[in-house]
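A.B. asks: Have a look at this one before I ask anything.
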């Protein structure tokens, strides 16, 4: 019977292969560049500067939770939001073409193809760790400082990884048969960013002239997870257990659905590739 434990046992059995391919993906991403892995720092910081300049400096955006929210507080919350969101955006960018770009592995009957999305996600997770480290270092200089609430970080990152892996398996499988799906990822990525309240507070959606928006977007697990991370990690508010439970339940459901989709479609990969 398919379950998270079954998936975990399968990945553990192939852990050495996952590790080798993850290192390979990290190396490939920075191969040939003069700065190498330093780009893992430059890229998130440059994106932070861009979004902070547009939403913070120009539009004067604030999340409105802290009484005396400074521009540093806003920048930290925005950086945290972007770091978590980029796991999703990167996943939908590479997932649709992953199998098609590795046809040699498809021809190998004994090769566990489900390892490819996991290793690719491992590369994304590595860069997430770099970004989150920068967030935590910066939060030490923010209005609320760095506290023991940082221990909630793995609790919040774990469902994000499950969501991303489920989506990766699903898009990887569908992308083999529907190549055009990769053309829509840029629009979907931007739409999800705004639908997940990355650069602003969900209160903006609640107070909008269209109440139906919140009635729909409140079920977006990425929105709930990102908002939880800001409130708990940066603003040191108590954990909202109902929201956390919903995020975990949704993440498990997406993980199982993605694995099932991949398992069903992989039988025909060789015929299409």
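A.B. asks: Counting C-alpha atoms alone, how compact is segment 186-243: give Rg to one decimal and Dmax as a whole number, in angstrom.
C.D. replies: 11.8, 35
A.B. asks: Any idea what angle helix 39-51 forms with the longest principal axis of the chain, computed on alpha-carbon atoms, 0 to 90 degrees, nearest 10?
C.D. replies: Roughly 50 degrees, rounded to the nearest 10.
A.B. asks: At 0.36 nm per residue, and after removing the present C-alpha to C-alpha distance, how many nm does the segment from residue 218 to residue 27 gain when stretched out fully?
C.D. replies: Residue separation times 0.36 nm, minus the Cα-Cα distance, leaves 64.9 nm.
A.B. asks: Put one equal scatterer on each alpha carbon of segment 58-203, apply the Debye formula with no solvent term, and list log10 I(q)/I(0) at q = 0.20 1/Å to two decimals.
C.D. replies: Debye output, listed in q order: -1.22.
A.B. asks: Among 241, 214, 39, whose mean-square fluctuation peaks in a Gaussian network model of the chain (Cα, cutoff 10 Å)?
C.D. replies: In this elastic network of the chain, the residue with the biggest mean-square fluctuation among 241, 214, 39 is 241.
A.B. asks: Here's something else I'd like to know. Over the alpha carbons of the chain, what is the largest minus smallest coordinate on each principal axis, giving the biggest first in Å?
C.D. replies: 60, 47, 35
A.B. asks: Throw me the Rg/Rh for segment 155-273, computed over C-alpha atoms with Kirkwood Rh, two decimals. Don't jump to the answer; show the numbers that get you there.
C.D. replies: Details: Rg = 16.6 Å, Rh = 15.9 Å.
Taking Rg over the Kirkwood Rh, I get 1.05.
A.B. asks: Post the alpha-carbon centroid distance, segment 180-215 to segment 135-178, in whole angstrom.
C.D. replies: Segment 180-215 and segment 135-178 have Cα centres spaced 18 Å from each other.
A.B. asks: Using only the Cα atoms of segment 1-116, what are the Rg and Dmax in Å?
C.D. replies: That works out to 19.7, 60 Å for Rg and Dmax.
A.B. asks: Between 0 and 90 degrees, rounded to the nearest ten: what's the tilt of helix 153-177 against the longest Cα principal axis of the chain?
C.D. replies: On a 0 to 90 degree scale, this one is about 40.
A.B. asks: Name the shape class, rounded, prolate or oblate, that the alpha-carbon gyration tensor gives for segment 143-199, where a ≥ b ≥ c are the square roots of its eigenvalues, rounded holds for a/c under 1.5, and otherwise prolate holds if a/b is larger than b/c and oblate otherwise. Intermediate results must be reported in sequence, preceding the final value.
C.D. replies: On the way: a/c = 5.46, a/b = 1.95, b/c = 2.81.
Oblate, because a/c is 1.5 or more while a/b does not exceed b/c.
A.B. asks: In degrees between 0 and 90, to the nearest 10, how far off the longest principal axis of the chain does helix 185-195 point, with axes built from Cα atoms?
C.D. replies: Once rounded, one gets 30 degrees.
Each reported figure results from applying straightforward, stated rules to the coordinates on display, with no laboratory input. Treat the numbers as computed from the prediction; the structure is a model and nothing was measured.
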